[in-house]
Amino acid sequence: MNASLESLTAERGLIPASRPSACPGLMRIVPARDGGLCRIRLYGGELSAAQAREVAEVARAVGSSCIDATNRSNLQIRGVRPGAEDELISRLVRIGLGPATPGSDDVRNLMINPLAGLDPDATLDVTPLARRLLDQLQRDARLQALSPKFAIMLDGGERLAMLDHPHDVWFSAVSADRFVFGLGGCPPVFDEHMPPLASVEQARVPAVASALLHTFLDLASPEQTRMRDLLNTIGIEAIIDHAQRKLDFAIERNASAWRRTPSDARRRFGVHRQRTEGTVSIGAQVPLGRLDANTLQALAELAPRMRMTPWQSVMLLDVPIEKAQPTIARLKALGLATAANEPFARLIACTGSQGCAKSFSDTKADARRLAPLLHTKGDVHLSGCARSCAAAHRVDTTLLAVAPGRYDLYLQAPEPVARHITIEEAALWLARSTTDA
Ligand code: SF4
């Protein structure tokens, strides 16, 4: 690895010290309608400016220049040309964006909040624990049997957190040295949410995570790929009993009354003070989760590092406070939404028919048509099929494609309120329903 890049990424704290040298085959590239698709799993969603420049460069060199921001705080390079796979993977590994061990790319699904380690009001800086957990996950070869979607959340109590995106195992800090945890869901905010199962000292979180993941592998049938599948068949007590047998300390079932402080997703926009005096974080929404190489390169000029978020947005980190306003102006000029009320702050669209053969419509193009017509509040999700790849969380309005340019409209209910409508009809329907409300 280039020495200056090595020191830059290590100094930023989320990149493990030891990595394999360039090693084609470490990461998967899957076929899509628009060419190969390479998911880059980011440690805590983070990219240094140097890494972002190289990702932009490699997306141009071996792909279509098109880069997706995902709802797991990762990036995807699209349109990878046949024969360019090894070069792509070698370049990503060289800048510290590959897995630590062969075969462990998919087990790196550890989510932390976008301002982990930076939010002065958080309960705990979870980034050192996240590094330890990631290292443990990648060095345990048995965990490679987990589904690529199997995910762990480590929540430090930051004011910005995705709290309606279900995780297989979640841990939430309740004090400087203690976490509560749960399975198949999210940290609970309200009494009707599933409460935590138990609490654990911070030092024992890796052991509990390992016990729970191995318990899942011991007990799940081949068809059961997520923790909720196992919960639905054998129930929570059987899982906890099995995990307990793998631990040399008692799981403390003492946390059921705990509720998390609510998070406001609008905090992903605007300027936020950081723990370090004189620096701020600045958030903006990537329209429809789609970047091009030039935009990513331009973002790299605005901050020494950035984090992608589960809202398919970006937080620029460590921006000197005096540069906050010029940075926001630059983000606007780049076409990013910088305020929660802008249409592209509220529109989500999956890949659509340009890149996915399952899609009934070009959802991204349709969302661009909807944007200037969208005068209502609330988020709108355009999905090319029922798999709902772009939004794992609940969204106010879902437009489910049924034919090119035609959608069924759902308002958080199993049955649609309107069928086979055009984008223009959907806009009218939304305007009318808001007026009626
Ligand atoms: S939601 Fe369906 S159409 Fe959209 S990207 Fe996923 S699989 Fe493809």
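What is the spin-label model distance, in nm, from ASP177 to THR261 if the labels are put 7 Å beyond Cα along the C-beta direction?
Taking the two extended label points, one gets 2.2 nm.
Run the helix sum for the chain: -39,500 (n - 2.57) per DSSP H stretch of 4+ residues, divided by residue count, reported at 222 nm to the nearest 500 deg cm²/dmol.
On the way: 12 runs with 122 residues, N = 437.
After summing the helix terms and dividing by residue count, I get -8000 deg cm²/dmol.
How large is the dipole of the range 299-409 about the Cα centre if only Lys and Arg carry +1 and Asp and Glu carry -1, each at its Cβ, rounded to the nearest 20 debye?
Numbers: 14 positive and 9 negative charges, 23 e Å.
I would put it at about 100 debye.
Between the DSSP loop rule and a limit of at most 13 other Cβ atoms within 10 Å, which chymotrypsin sites (Phe, Trp or Tyr not before Pro) in the range 197-271 are left? Mind showing how you got there, number by number?
On the way: sites: PHE216, PHE249, TRP258, PHE269; in loops: PHE249, TRP258, PHE269.
Sparse-neighbourhood loop chymotrypsin sites (Phe, Trp or Tyr not before Pro): PHE249.
Of LYS149/LYS377; LYS149/LYS246; LYS332/LYS364; LYS323/LYS377; LYS149/LYS364, which ones are farther than 28 Å apart at the Cα? Write down the numbers at each step before the final one.
Numbers: LYS149/LYS377 31 Å; LYS149/LYS246 24 Å; LYS332/LYS364 20 Å; LYS323/LYS377 31 Å; LYS149/LYS364 24 Å.
Beyond 28 Å: LYS149/LYS377; LYS323/LYS377.
Quick one: 3J(HN,Hα) in Hz for the range 367-382, Karplus 6.51/-1.76/1.60 with θ = phi - 60°, rounded, Gly and Pro as x.
5, 5, 5, 6, 3, x, 9, 8, 10, 9, 7, x, 7, 10, 10, 9
Would you mind calculating the gained length between ALA339 and VAL271 on full extension (0.36 nm times residue separation, minus the Cα-Cα distance), in nm to one decimal?
Result: 23.4 nm gained on full extension.
Please report the antiparallel percentage of the DSSP beta bridges confined to the range 345-436, to the nearest 5.
Values: 7 of 14 bridges.
That works out to approximately 50 percent antiparallel.
With the Cα gyration tensor of the chain giving a ≥ b ≥ c as the square roots of its eigenvalues, does the rule (a/c under 1.5 for rounded; else a/b larger than b/c for prolate; else oblate) give rounded, prolate or oblate? Each step should come with its number before you reach the end.
Details: a/c = 1.35, a/b = 1.14, b/c = 1.18.
Rounded, because the longest to shortest axis ratio a/c is under 1.5.
In Å, what Kirkwood hydrodynamic radius results for the range 148-191 from the alpha-carbon pair distances?
On the way: mean 1/r = 0.0925 Å⁻¹.
Taking the inverse mean of 1/r over all distinct Cα pairs, the range 148-191 comes out at 10.8 Å.
Out of SER313, SER199, CYS66, whose Cα points farthest toward the positive end of the dipole of the chain (charges: +1 Lys, Arg; -1 Asp, Glu; placed on Cβ)?
Of the listed residues, the answer is CYS66.
I need two numbers for the range 27-123: Rg to one decimal and Dmax as a whole number, Cα atoms only, in Å.
14.0, 48
Relative to the present Cα-Cα distance, how much length would full extension add between GLU425 and ASN254 at 0.36 nm per residue of separation? Walk me through the numbers before you get to the answer.
Numbers: separation 171, 0.36 × 171 = 61.56 nm, distance 5.17 nm.
Gain in length upon complete extension: 56.4 nm.
Evaluate E = 1/(1 + (r/R0)^6) for ARG60 and VAL30, where r is the Cβ-Cβ distance and R0 equals 22 Å; express this FRET efficiency to the nearest 0.05.
On the way: r = 20 Å, r/R0 = 0.93.
Step by step, r from the Cβ atoms, then E = 0.60.
Within the range 50-122, report the GluC sites (Glu not before Pro) that DSSP leaves as loop and that have at most 10 other Cβ atoms within 10 Å.
Working: sites: GLU54, GLU57, GLU85, GLU87; in loops: none.
Taking the range 50-122 and a limit of 10 other Cβ atoms within 10 Å, no loop GluC sites (Glu not before Pro) are found.
Be a star and scan the range 231-271 for residues whose amide nitrogen sits under 18 Å from the point 7 Å along the Cα-to-Cβ vector of ALA329.
Label zone hits: 270-271.
Taking loop as defined by DSSP and a crowding limit of 13 other beta carbons within 10 Å, which GluC sites (Glu not before Pro) in the range 236-309 fit?
Working: sites: GLU237, GLU252, GLU277, GLU301; in loops: GLU277, GLU301.
The qualifying sites are GLU277, GLU301.
For a quick size check, give me the Cα extents of the range 345-436 along its three principal axes, largest first, whole Å.
Between the extreme Cα coordinates on each principal axis of the range 345-436 lie 37, 25, 25 Å.
Stretched out fully, how many nm does the piece from ASP86 to ARG394 gain, at 0.36 nm a residue minus the Cα gap? Present the calculation step by step, with values, prior to reporting the outcome.
Values: separation 308, 0.36 × 308 = 110.88 nm, distance 3.78 nm.
Contour length minus the Cα-Cα distance gives 107.1 nm.
Charges at C-beta only: +1 for Lys and Arg, -1 for Asp and Glu. How large is the resulting dipole of the chain about its Cα centre, in Debye rounded to 20? Let's see the in-between values first.
Values: 51 positive and 48 negative charges, 135 e Å.
In total the dipole reaches around 640 debye.
Every number in this text was worked out from the coordinates using simple rules, so none of it is lab data. None of the values given here were measured: they were computed from a predicted structure. Every residue, glycine as well, gets a Cβ built from its backbone with ideal geometry; the counts of neighbours run over all protein chains shown.
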